[in-house]
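Before any comments, here is the structure.
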Amino acid sequence: MDRRRFVGGLLATGGLAMLPSAMLMAGQRKGHSLSVPAAELERLQRDPEFWRDLVGEDAWRILFQERTEPAFSSPLDAQYADGTYVCAACHLPLFSSDTKYDSGTGWPSFYDVIDGHIDTKPDFLLIFRRTEYHCIRCGGHQGHVFEDGPEPTGKRWCNNGLALRFVSAEKPLPALRG
Ligand SMILES: [Zn+2]
């Protein structure tokens, strides 16, 4: 059973009091429904130049030229409020605040992604192999995933803050664009 839908259903029927707190912690606490119709997850066929003015030069270089922002440069590194992190280019939700943690690296870090919204590929930009990951919809580069993250996944999704936009749980998600 889809846990998010299950929790949402219980909330809708007033069954919240019956939920063990651990389950609430694991699910999306409040605010955004993160289910996106499958058709919306199909890859956009945009020339990278399409995004340049929309996101600004610094974010564009990260998203579409696979640059990396300096460590400790993003205010999102210390952001821990409830909400959703969406792709700065196309606005697809990529991470829930529920999976954010302090990795000490100076980049916003998560131990899990929103299922189906991110794709990966091997990256040899440095001498050693890394795994690059990007938004499945616009292809925008987000960061690299490592195997030294916390439980329950053991993954560290190390993200450029400029490639994301944080949306507080109290505010509506922006419409997808592109
Ligand atoms: Zn995107």
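No value in this document is a laboratory result; all are computed from the given coordinates. The model shown is predicted, which means the values in this text are computed figures rather than measured ones. Ideal geometry is used to build each Cβ from the backbone, glycine not excepted, and the neighbour counts take in all protein chains shown.
Residues that are in contact (Cβ under 8 Å) with a residue 24 or more places away in the chain, within 16 Å of the ligand (Cβ to nearest atom) and closer than 17 Å to Ala71 by Cβ occur at least once in region 145-157.
Name the residues in region 40-69 that are assigned to a loop (DSSP other than H, G, I, E, B), in contact (Cβ under 8 Å) with a residue 12 or more places away in the chain and surrounded by fewer than 14 Cβ atoms within 10 Å (Cβ to Cβ), would you? Within region 40-69, Glu42, Arg43 meet the criteria. When region 80-109 is limited to residues that are away from the ligand (no atom under 16 Å from the Cβ) and among the hydrophobic types (A, V, I, L, M, F, W, C), the one that is farthest from Trp60 (Cα to Cα) turns out to be Ala81.
The lone criterion from (1) touching a His at 6+ places or on another chain (Cβ under 8 Å); (2) in a strand (DSSP E or B) left unmet by Pro122 is number (1).
Out of curiosity, is Val86 in a loop (DSSP other than H, G, I, E, B), within 13 Å of the chain's Cα centre (by Cα) and in contact (Cβ under 8 Å) with a residue 12 or more places away in the chain? Step through it out loud before you land on a result.
Values: in a loop (DSSP other than H, G, I, E, B): no; within 13 Å of the chain's Cα centre (by Cα): yes; in contact (Cβ under 8 Å) with a residue 12 or more places away in the chain: yes.
Answer is no for this residue.
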